[in-house]
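Colleague: This is the structure, below, for whatever I ask next.
Just so you know, all these numbers are worked out from the coordinates, no wet-lab data involved. These numbers come from a predicted model, not from an experiment. Cβ placement follows ideal geometry from the backbone for every residue including glycine, while neighbour counts extend to all protein chains displayed.
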Amino acid sequence: MTSITTQDYTIYFNNEGYKALNQHLKAIKYSKVFILCDSNTNIDCVPIFLSKIDTDITYDILEIDAGEESKNLDICLGLWEALSQYGADRKSLVINIGGGVITDLGGFVASTFKRGIDFINIPTSLLAMVDASIGGKTGIDLGTLKNQIGVINTPKLIVVDTFYLKTLPQLEMRSGLAEMLKHGLIYDEKYWNKLKKLSQFTIENLNDLIYESIIIKKNIVAQDPTEQGLRKTLNYGHTLGHAIESYFMENDNKERLLHGEAIAIGIIMANYLSVKYCGFSEEKSKSIKNTIKSIYGEVEIDEEDHLPIIELLKYDKKNEHGNINFVLLDAIGKPKINCIVNNEAILGAFKFYKKN
Ligand SMILES: NC(=O)c1ccc[n+]([C@@H]2O[C@H](COP(=O)([O-])OP(=O)(O)OC[C@H]3O[C@@H](n4cnc5c(N)ncnc54)[C@H](O)[C@@H]3O)[C@@H](O)[C@H]2O)c1
């Protein structure tokens, strides 16, 4: 595996990626280069990245605090101001080195600064490698509401180097795995079965599976870049997952959930709804729940949390004409979009999540 080419850009792997990046930098001669990173990736990843750059570039580093809380308009404003103060012009480049927060936010900042400057993604978390950095969705949260503001715009290129995962905390690794599980369930039962068998989430175990996940995401996005139909299937597990993530973020008495942890719950609940609305196999739904709970354990969601979480569904981006549209499964690999479900069924899904 050296590269995957999409209509608009190429995803390169490991050293092939730095070769392509060095060539790109030499060819384009950007007026200014900005490296956007967070407080962790500045320490763990930026030095590795810089050691691979053999082109004579000068750069400024823009560092933000790590975590989802930084994916907001205030931070964007600070970054636009910094770009402006450091003299960025339309021939400048932003290189995003980090997880999904950095690729989402950095892509958005670059896409809107002076009506759009070039950006490159160097994903360093598992989640960003298999999902967030690919496909061109960029954006920020509105308060605690996920991804409400953003644009679709593609990077010039992406370098996926799994070496960065060496410093990624194990809980973040597990969070990224949720999007890989999603890819298996919506697209390819064989891939799901391979993931199911994993006993340890080491880089060695995951290397080929990361590649497969990227191919799945790329194939789906290529067929429907602007999310008219098929691409919506990537939101499987995210309707309730995002609402749960937002609810836990806005409640001080709840521990913050990582994105993938919330999506794992959303997947279990979507499967319950799939049994109810699409005739999905009950046995499979239970077996998927067992697999996911064996990886993520169970998060305490109290009964009094259910209705406020359901209330948050009205902000989901897939909603149309006031309807909340779920992605459900007819079978593994056979997703169904625009499914409308009632609140009673969602309450049933919360119970199903809790039951062993
Ligand atoms: N645009 C999309 O299509 C898309 C798809 C899925 C998820 N997302 C978004 O992605 C975000 C989640 O991404 P994430 O899980 O990568 O979160 P993140 O960017 O917050 O990274 C997770 C944590 O890992 C740290 N980190 C990253 N790489 C590291 C490394 N190599 N070594 C040490 N620490 C490292 C970060 O500093 C952070 O603390 C969410 O905001 C979600 O909405 C976007």
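Colleague: Angle, helix 343-354 long axis vs. longest principal axis of the chain, Cα atoms, 0 to 90°, nearest 10?
Modeller: Helix 343-354 sits roughly 80 degrees off the main axis of the chain.
Colleague: Once the piece of chain linking D302 and I203 is laid out straight, how much longer is it, given 0.36 nm per residue of separation minus the C-alpha distance between them?
Modeller: Values: separation 99, 0.36 × 99 = 35.64 nm, distance 3.55 nm.
Gain on extension, D302 to I203, equals 32.1 nm.
Colleague: Give the angle, between 0 and 90 degrees and rounded to the nearest 10, that separates the Cα long axis of helix 259-278 from the longest principal axis of the Cα atoms of the chain.
Modeller: Orientation of helix 259-278: about 40 degrees from the principal axis.
Colleague: Magnitude of the Cβ-charge dipole of the chain, K/R +1 and D/E -1, about the Cα centre, nearest 20 debye? Before the final figure, lay out each step's value.
Modeller: Numbers: 39 positive and 46 negative charges, 250 e Å.
Here the chain has a charge dipole of around 1200 debye.
Colleague: Hey, which aspartates and glutamates would be in cross-link range of K166, C-alpha to C-alpha under 18 Å, not counting anything within fewer than 8 residues on its own chain?
Modeller: D38, D44, E204, D208
Colleague: Here's another thing I want to ask about it. Applying a 10 Å radius around every beta-carbon, put 48-54, 246-252 in order of their mean neighbour count, most first. Each step should come with its number before you reach the end.
Modeller: Values: 48-54: 14.7, 246-252: 16.3.
Output ranking for 48-54, 246-252: 246-252, 48-54.
Colleague: Pop a pseudo-label 7 angstrom from the Cα along the beta-carbon direction at both R90 and K355 and give the gap in nm to one decimal.
Modeller: A separation of 6.1 nm, rounded to one decimal place.
Colleague: Please report how far the C-alpha centroid of the range 216-288 lies from that of the range 1-29, rounded to the nearest whole angstrom.
Modeller: About 31 Å separates the Cα centre of the range 216-288 from the one of the range 1-29.
Colleague: Residues with beta-carbon under 15 Å from that of G87, excluding G87: net charge, scoring Lys, Arg +1 and Asp, Glu -1? Don't jump to the answer; show the numbers that get you there.
Modeller: Values: positive: K32, R90, K91, K114; negative: D60, E81, D89.
Net charge around G87: +1.
Colleague: Which residues does the label zone of S31 cover in the range 89-133, counting backbone N under 19 Å from a point 7 Å along Cα→Cβ?
Modeller: 89-95, 109-120
Colleague: Would you mind checking which residues have amide H under 5 Å from D188's amide H? H placed 1.01 Å from N; only 5 or more apart, or other chain.
Modeller: G333
Colleague: Evaluate the relative contact order of the chain (contact order divided by residue number), counting alpha-carbon pairs under 8 angstrom at least 6 apart; express in whole percent.
Modeller: 14
Colleague: Still on this structure, please answer the following. Direction-averaged shadow area of the convex hull around the Cα atoms of the chain, nm²?
Modeller: Values: hull surface 66.3 nm².
In nm², the orientation-averaged hull projection of the chain is 16.6.
Colleague: Here is a further query. Taking every DSSP beta bridge that has both residues in the chain, what percent is antiparallel when rounded to the nearest 5? Write out the running numbers ahead of the final one.
Modeller: Details: 14 of 35 bridges.
If we restrict to bridges inside the chain, about 40 percent are antiparallel.
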